[in-house]
Amino acid sequence: MPLTKIADFKIERLEILGADGRCDEALVPVISKEKMLEIYRMLVLIRVFDEKAFKLQRQGRLGTYPQILGQEATQIVPPMCLEKKDWLIPTYRGQGSYFARGMPLVNSLLYWGGDDRGAKLPDGQNDMIFAIPVGSHLTHAVGVAMAAQYRKDSAVALTYLGDGASSKGDFYEAMNFAGVYKAPVIFFVENNQWAISVSRKTQTSAQTIAQKAIGCGLSGIQVDGNDVFAVYRAVQEAIARARRGDGASVIEAETYRLGDHTTADDSSRYRSKEEIDLWKDRDPIARFRVFLTAQNVLTEDADLEVRRAAEEKVRSAIDEYESVPEPNPLSMFELIYGEPTWNILEQRAEFERYWASGSSRRETLASAGEGRFP
């Protein structure tokens, strides 16, 4: 039998807004000036939040924290393309995407401060709490999309993953299901070049991560992740495709993690200052600011006001975070089962006896000194 050559598949790369803030205006997606300013305000807000959260951790007022510095466009733009009925399933480096969907800033501070009350999302918000194990949430995202499909609901599910997670079996299983059932799900890959200390070129030999979609029958595209317009257009097109019933998409957004993996990491041990400086010149906020200024959408005074308002919101969130009463430790026994099992009830009773004995957490904290992290 003669061999038949299958045609080469091509993956497109989309970039609209150059690193210098200039672009071909004919390629800019249709976005109102009000929407552009809304996106810009949110970009600045999460940059300010990130700066403050990092300082809080260094001062011992916050636990280990994963910065999103440099990844603001990939964090903010995709969720701002969604409707309220749609689903968002981020990663642990996803506080920006949560904020863009309306989650209060204080929730993230509480969570990274070790208080699980920060994981309670606003009622009626179709967002799922992230999973710490890398990639394990991807099959769940497909399940959510398939459930919407089964109910004949036009909602789509947008889920995030990193370049490292794209090499996990969970990703391939999720894509395979999504391809077979044409699930209305979007896999948004934040390719920030480093899976902790493992470089992009070390952990996969695929020319692009987007091309991994091809084997499962999904649409795939690579975009400049620091380009607000490229991200916006790619996500909008993927949403439209999903709502039409044309199936799932993989969007690989090339961006960069300017900070360490978390505040427990030291990235100087595995990457160079020259590499970081190169990506600093591609700052998504700076290039979007240049465009907005050139289009007379943003003035210098308005820009200063955006920064001032962001700082005020973050200060208010920090004040709220540090004034929240300590959680009731009995809450650890709640929300595990609809009806508590006998051993849960037994453990709760035992803890209540311990609490009443005088060896309380409050006394332990008092003897150790003041502060959330004594």
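We did not get these values from a lab; they are worked out from the coordinates using the rules stated. Model, not experiment: these values are computed from the prediction. Because the Cβ atoms are built from the backbone with ideal geometry, glycine has one as well, and the counts that use them run over all protein chains shown.
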- Local charge sum around ARG101 (other residues, Cβ-Cβ under 10 Å, Lys/Arg +1, Asp/Glu -1)? -1
- Query: Among THR91, SER249, ALA230, which residue has its Cα positioned farthest towards the positive end of the charge dipole of the chain, with +1 placed on the Cβ of Lys and Arg, -1 on the Cβ of Asp and Glu, and the dipole taken about the Cα centre?
  - Reply: SER249
- Under the definition of Cα pairs under 8 Å and six or more residues apart, what whole-number percent is the relative contact order of the stretch 76-153? 32
- So which aspartates and glutamates can LYS182 reach, going by Cα to Cα under 16 Å and dropping same-chain residues fewer than 8 places off? ASP153, GLU173, GLU237, ASP246
- So which of LYS35/LYS120; LYS52/LYS273; LYS85/LYS212; LYS120/LYS212 end up more than 32 Å apart, counting from Cα to Cα? LYS120/LYS212
- Using the charge dipole of the chain (Lys, Arg: +1 at Cβ; Asp, Glu: -1 at Cβ; taken about the Cα centre), state which of PHE130, GLN295, LEU14 has its Cα farthest towards the positive end. LEU14
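Expected output is a single nm value to one decimal: the length gained when fully extending between LYS33 and ILE129, i.e. 0.36 nm times separation in residues minus the C-alpha distance. What is it?
Numbers: separation 96, 0.36 × 96 = 34.56 nm, distance 3.19 nm.
Fully extending the segment from LYS33 to ILE129 adds 31.4 nm.
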- Item | Shape category assigned to the stretch 12-323 from the gyration tensor of Cα positions, a/c cut at 1.5 | rounded
- Message: Multiplying the sequence separation of ARG348 and LYS84 by 0.36 nm and subtracting their Cα-Cα distance, what value in nm do you get?
- Response: 91.2 nm
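Quick one: work out the % antiparallel among DSSP beta bridges in the chain, nearest 5.
On the way: 3 of 28 bridges.
Among the beta bridges of the chain, antiparallel pairing accounts for roughly 10 percent.
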- Message: What does the extension gain come out to for LYS280 and VAL198, with contour length at 0.36 nm per residue minus their alpha carbon separation?
- Response: 27.5 nm
- Message: At a 10 Å Cβ-Cβ cut-off, how would you order ASP50, ASP303, fewest neighbours first?
- Response: ASP303, ASP50
- Note on the structure: Rounded to one decimal in nm, the spacing of the 7 Å Cα→Cβ label points at ALA147 and ARG308 is 4.5
- Query: What is the distance in Å between the Cα centres of the stretch 81-155 and the stretch 252-279?
  - Reply: 26
- Item | Shape of the stretch 171-313, Cα gyration tensor, a/c cut at 1.5 | oblate
- Message: Between ALA119 and GLU25, what is the label-point separation in nm under the 7 Å Cα-to-beta-carbon projection?
- Response: 4.9
- Message: For Cα pairs less than 8 Å apart in space and 6+ apart in sequence, what is the mean separation divided by the residue count of the chain, i.e. the relative contact order in percent?
- Response: 23
- Query: Using modelled backbone amide H atoms (1.01 Å from N, in-plane), which distant-in-sequence or interchain residues come within less than 5 Å of GLY63's amide H?
  - Reply: GLY113, GLY114
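Not counting the cut sites, what is the longest span of the chain without GluC sites (Glu not before Pro) that DSSP labels loop and that have at most 14 other Cβ atoms within 10 Å? Mind dumping the intermediate values first?
On the way: sites that count: GLU83, GLU334, GLU370.
With a cap of 14 other Cβ atoms within 10 Å, the longest stretch comes to 84-333.
List the residue ranges in the chain for DSSP H helices whose C-alpha atoms run 27 angstrom or more along the long axis and whose Kyte-Doolittle average is -0.5 or above. Before the final figure, lay out each step's value.
On the way: long enough: 33-58 (38 Å, -0.16); 300-323 (35 Å, -1.16).
What comes out of the filter, once short or polar helices are dropped, is 33-58.
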- For the stretch 44-142, what class follows from the C-alpha gyration tensor (a ≥ b ≥ c being the square roots of its eigenvalues): rounded when a/c is under 1.5, otherwise prolate if a/b is larger than b/c, else oblate? prolate
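Using alpha-carbon pairs under 8 Å, 6+ residues apart, how would you state the relative contact order of the stretch 199-256 in percent? It would help to have the intermediate numbers written out before the result.
On the way: 66 pairs, mean separation 22.2, N = 58.
Over the stretch 199-256, the number comes to 38 percent.
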- With no solvent and one equal point scatterer per Cα, compute the Debye intensity ratio I(q)/I(0) for the stretch 89-165 at 0.13, 0.19, 0.24 Å⁻¹ and report its log10, rounded to two decimals. -0.42, -0.85, -1.18
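For the chain, which span is the longest to avoid every loop-located (per DSSP) member of trypsin sites (Lys or Arg not before Pro) having at most 13 other Cβ atoms inside 10 Å?
Working: sites that count: LYS5, LYS10, ARG22, LYS84, LYS85, LYS120, ARG151, LYS152.
Counting at most 13 other Cβ atoms within 10 Å as exposed, the longest clean stretch of the chain is 153-374.
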- Note on the structure: Taking r as the C-beta separation of ALA294 and LEU330 and R0 as 56 Å, the FRET efficiency to the nearest 0.05 is 0.45
